[in-house]
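Structure, as structure tokens:
The values are calculated or read from the model by the stated rules, or taken from the named source; none is laboratory data. The model shown is predicted, which means the values in this text are computed figures rather than measured ones. Quick reminder, even Gly has a Cβ in these numbers, built from the backbone with ideal geometry, and neighbours come from all protein chains shown. For the accessible areas, the whole protein counts, side chains as well, though only heavy atoms, and no ligand, DNA or RNA atoms are used. Shrake-Rupley method; radii C 1.70, N 1.55, O 1.52, S 1.80 Å.
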Amino acid sequence: MKKPKNNIVEFKNVNKEFKTKNSKHLAVKNATFSVKQGEIFGIVGRSGAGKSTLIRLINGLEKADSGKILVDGHNITNLNYKGLKNVRRNIGFIFQHFNLFNSKTVYKNVEYPLKISVNGVKMSPDNRRLVVSKLLEYVGLEKYANFHPNSLSGGQKQRVGIARALALNPKVLLADEATSALDPETTVEILRLLKKINRELGLTIILITHTISIVRLICQRVAVMSEGQIQEIETFKKIFSDPKSQAAKSLVSTFRILEGTKTIDV
Amino acid sequence: MFNIFWQAKTNWDIITPALFKAISETLYMVSITLGLGGLCGMFLGCVLWSTRKGSLFSQPVVYKILEFIVNLIRPIPFIIFLSAVQPATIAIVGTSLGTNAAIFPMVIFCTMATSRIVEQSLINVDYGVIEASFAMGASRLKTLFEVVIPEVLPPLVLGYAFIFIGIMDMSAMAGTIGGGGLGDFAIQYGYNKFNPLITWISVAIILVIVQFIQQFANFIAKKLLARN
Ligand SMILES: Nc1ncnc2c1ncn2[C@@H]1O[C@H](COP(=O)(O)OP(=O)(O)O)[C@@H](O)[C@H]1O
Ligand SMILES: [Mg+2]
């Protein structure tokens, strides 16, 4: 059997449970889905739905209890520590709170991933300089190379986060609520940048959000998640016009209210 | 009633060289202790922090054992600890008298205190930056040395200044085992000779050293914070 080549990420019956002293919580239940190469794929759902856990499974920040996770055709669920580190180099990650290194300059933040060696080999300083300056220019921060993150605005911080995530030339970019801490205008700027990255670099983006309007702006398809389960996967248009699951119906109705085409009934 | 104090004669010909000897002994003890104990404490602190449950090397049993040892030793009054470890001091330093003999227990104590300060600083690191480092494929050690420690440098510097004051305190007790230093000087020439002037000179010198270090640490921490 030949693997469909255009699936960059594939989940097959993946489960992830969190055990605490006196309770168990199935954060991801029987997740089966695939993301196509070059796609911008959204994951929506209310807070606690399991979205973060789901994408953290993709780069092994969380370990699946069962099921298969294929990244670029390779099963990552049975990788050892070293194998996992190599997989992570191919997967960029941007965060809601940016998670920049405050003790390092913008330049050093972006350079950091390039200084991680693989099998004892590390990129030369000259090449690093080249890559970092290209990236900073790409995200429009070339003037801020020697600034420290805390002197930047939220949008600028996320640009640093994006440049840092692109440094290793990944195949997939994971964005966990990457615009949730930003004002609407900055959100649109960052979405524009993500779209540009997707178009120009052909990078697959998997984007978590709790606001479905973001999905409409940039996602080709979206998975609606609630209580650890993927309820449906569709295009925004389909979900919007014909939501099947309760979770999708609720999201759409909220979207309409916020958009102003529906009022709040009391 | 107090005139006993004012009868004491200060013989500067004896006092001056003794004072300089005491200063150099204190600086010697303090710097060796800060160097060795500070380094060992840094190491132990990193081990404590990273073996905590859920941390980089999550080893709860190792953590519990180390924490028990540190908590056991730390509350012992230093002067009693000094006597308690006499056999170990003899075994390692060769003698239980003198400046070097005092340094051994000082280093142990300094290690314990520093480890706790380092651990407490590291606890405040936002887990997000650790996760970001892992997400790029960095190893745990690289994350510890190149992300976690740099992130907490300002509080660490202030923590070390705090430790420094503790070491000055310990060094004053070194006199009891012939370790010399400013504490010994103050007791020998000031207290025992009913000459408070001498004690006050020691106090003033200790204050100057401590203030200098504290201000220096504040300055460095402020510089580091400015970029954070
Ligand atoms: N490390 C963890 N330990 C225990 N429970 C966790 C952990 N991470 C997440 N959870 C739980 O799993 C569920 C899903 O969390 P998460 O994936 O963060 O949801 P979302 O990102 O959709 O808000 C939540 O109920 C959360 O409390
Ligand atoms: Mg989340």
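Here are some notes:
- Close contacts from the range A:155-168, counting a first residue that is closer than 18 Å to residue A:116 by Cβ and within 12 Å of another protein chain (Cβ to nearest Cβ) and a second that is in a helix (DSSP H, G or I) and of a type in the set (D, E, K, R), with Cβ to Cβ under 6 Å and a gap of 6+ residues or different chains, come to A:168/A:89.
- Put simply, of A:12, A:24, A:36 the only residue that is touching a Gly at 6+ places or on another chain (Cβ under 8 Å), more than 14 Å from chain B (Cβ to nearest Cβ), more than 16 Å from ligand 2 (Cβ to nearest atom) and open to solvent by 70 Å² or more (accessible area, probe 1.4 Å) is A:12.
- Any hit, the range B:115-137, residues being more than 29 Å from the chain's Cα centre (by Cα), assigned to a loop (DSSP other than H, G, I, E, B) and facing chain A (nearest Cβ under 10 Å): yes
- Applying the criterion of being open to solvent by 30 Å² or more (accessible area, probe 1.4 Å) and in contact with an Asp or Glu (Cβ under 7 Å, 6 or more places away or on another chain) to the residues of the range A:39-60, the residue that is farthest from ligand 2 (Cβ to nearest atom) is A:56.
- Of the strands (runs of 3 or more DSSP E) lying entirely inside the range A:37-136, those carrying at least 3 residues that are touching a Lys or Arg at 6+ places or on another chain (Cβ under 9 Å) and within 16 Å of ligand 1 (Cβ to nearest atom) are A:40-44.
- For the range A:89-114, taking the residues that are at the interface with chain B (Cβ under 9 Å from one of its Cβ atoms) and among the basic types (Lys, Arg), the one that is nearest to the chain's Cα centre (by Cα) is identified as A:89.
- Hits in the range B:67-82 - residues which are assigned to a helix (DSSP H, G or I) and open to solvent by 80 Å² or more (accessible area, probe 1.4 Å): B:68, B:72, B:80
- Filter result for residue A:76 (away from chain B (no Cβ under 11 Å), of a type in the set (Val, Ile, Thr) and without any contact (Cβ under 8 Å) to a residue 24 or more places away in the chain): yes
- Scanning the range B:138-186 for residues that are of a type in the set (A, V, I, L, M, F, W, C), under 28 Å from residue B:210 (Cβ atoms) and within 14 Å of another protein chain (Cβ to nearest Cβ) turns up B:149, B:152, B:153, B:156, B:157.
- The residue that is nearest to ligand 1 (Cβ to nearest atom), counting only those in the range A:220-231 that are part of a strand (DSSP E or B) and open to solvent by less than 10 Å² (accessible area, probe 1.4 Å), is A:225.
- Considering the conditions (1) open to solvent by 60 Å² or more (accessible area, probe 1.4 Å); (2) within 11 Å of ligand 2 (Cβ to nearest atom); (3) within 14 Å of chain B (Cβ to nearest Cβ); (4) of a type in the set (D, E, K, R), residue A:19 is excluded by exactly one of them, (2).
- Restricting attention to the range B:92-114 and to residues that are outside any loop (DSSP other than H, G, I, E, B) and small (Gly, Ala, Ser), the residue that is most open to solvent (accessible area, probe 1.4 Å) turns out to be B:113.
- Count of residues meeting criterion [touching a helix residue (DSSP H, G or I) at 6+ places or on another chain (Cβ under 6 Å) and open to solvent by 10 Å² or more (accessible area, probe 1.4 Å)] in the range A:132-153: 6
- Selection status of residue A:67, in contact with a Gly (Cβ under 6 Å, 6 or more places away or on another chain), small (Gly, Ala, Ser) and surrounded by 17 or more Cβ atoms within 10 Å (Cβ to Cβ): no
- Tally of residues being within 14 Å of chain B (Cβ to nearest Cβ), more than 16 Å from ligand 1 (Cβ to nearest atom) and outside any loop (DSSP other than H, G, I, E, B) across the range A:169-219: 2
- Among the conditions (1) within 17 Å of residue B:176 (Cα to Cα); (2) of a type in the set (A, V, I, L, M, F, W, C); (3) in contact with a Phe, Trp or Tyr (Cβ under 7 Å, 6 or more places away or on another chain), residue B:92 misses just one, which is (1).
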